[in-house]
1. I'm trying to understand the selection: among the residues of the stretch 43-72, which are part of a helix (DSSP H, G or I) and either surrounded by 12 or more Cβ atoms within 10 Å (Cβ to Cβ) or touching a Cys at 6+ places or on another chain (Cβ under 7 Å) (or both)?
2. Filter the stretch 7-25 for residues that are buried (at least 18 other Cβ atoms within 10 Å of the Cβ), closer than 22 Å to VAL78 by Cβ and out of contact with any Ser or Thr (no Cβ under 9 Å at 6 or more places or on another chain) and give the result.
3. I need a count of the residues in the stretch 93-106 that are at pLDDT 95 or above, part of a loop (DSSP other than H, G, I, E, B) and open to solvent by less than 40 Å² (accessible area, probe 1.4 Å).
4. Can you tell me how many residues in the stretch 73-92 are buried (at least 17 other Cβ atoms within 10 Å of the Cβ) and in contact with a Ser or Thr (Cβ under 8 Å, 6 or more places away or on another chain)?
5. Of all residues in the stretch 42-62, count the ones that are without any contact (Cβ under 8 Å) to a residue 24 or more places away in the chain and more than 13 Å from the chain's Cα centre (by Cα).
6. For SER23, work out the one condition from (1) free of Cβ contacts under 8 Å to residues at least 24 places away in the same chain; (2) in contact with a helix residue (DSSP H, G or I) (Cβ under 9 Å, 6 or more places away or on another chain) it doesn't fulfil.
7. Suppose the filter is in a helix (DSSP H, G or I), without any contact (Cβ under 8 Å) to a residue 60 or more places away in the chain and surrounded by 12 or more Cβ atoms within 10 Å (Cβ to Cβ); does ALA28 pass it?
8. Take the stretch 66-87 and flag every residue that is touching a residue at least 60 places away in the same chain (Cβ under 8 Å) and either basic (Lys, Arg) or touching a strand residue (DSSP E or B) at 6+ places or on another chain (Cβ under 6 Å) (or both).
Amino acid sequence: MAKITYIEHDGTEHVVEVKNGLSVMEGAIRNNVPGIDADCGGACACATCHVYVDEDFAAETGRASAMEESMLDFAENVEPNSRLSCQIRVSDDLDGLIVRLPENQH
């Protein structure tokens, strides 16, 4: 399990434990973290689970695939550390991960 901190746009923090193998998006949905809509259910077919990954975890979360990058084209305010949370698999290496949520997902 990994402890993940989700920080809403207004600064509200949600610290939750997420089982290994789940996605960061699934961790948010299962723990009622507001701000991640996940309209496609994790199929990498939308950008409504967009997050900003803390720079300290850039290597652990890996690089976005070509498909993920094309979906990020639909997100607002994309930054170099933008990722789709449905594409980040939780492992022990992500313990302490911090992701920040954009102001909105649409």
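The values are calculated or read from the model by the stated rules, or taken from the named source; none is laboratory data. Every value quoted in this text rests on a predicted model; they were computed, and no experiment measured them. Every residue, glycine as well, gets a Cβ built from its backbone with ideal geometry; the counts of neighbours run over all protein chains shown. Remember, those area values only see protein heavy atoms, side chains included, never the ligands or the DNA or RNA. Shrake-Rupley method; radii C 1.70, N 1.55, O 1.52, S 1.80 Å.
1. Of everything in the stretch 43-72, those that are part of a helix (DSSP H, G or I) and either surrounded by 12 or more Cβ atoms within 10 Å (Cβ to Cβ) or touching a Cys at 6+ places or on another chain (Cβ under 7 Å) (or both) turn out to be PHE57, ALA58, GLU60, THR61, MET67, GLU68, GLU69, SER70, MET71, LEU72.
2. Matches in the stretch 7-25: ILE7 only.
3. 4
4. We begin by selecting, within the stretch 73-92, every residue buried (at least 17 other Cβ atoms within 10 Å of the Cβ); these are 75, 82-88, 90.
Of the ones still in play, those that are also in contact with a Ser or Thr (Cβ under 8 Å, 6 or more places away or on another chain) are 75, 83, 85-88, 90.
So the answer is 7.
5. Result for the stretch 42-62: 1.
6. Every condition holds for SER23 apart from (1).
7. The answer is yes for ALA28.
8. Passing the criteria: SER85, CYS86.
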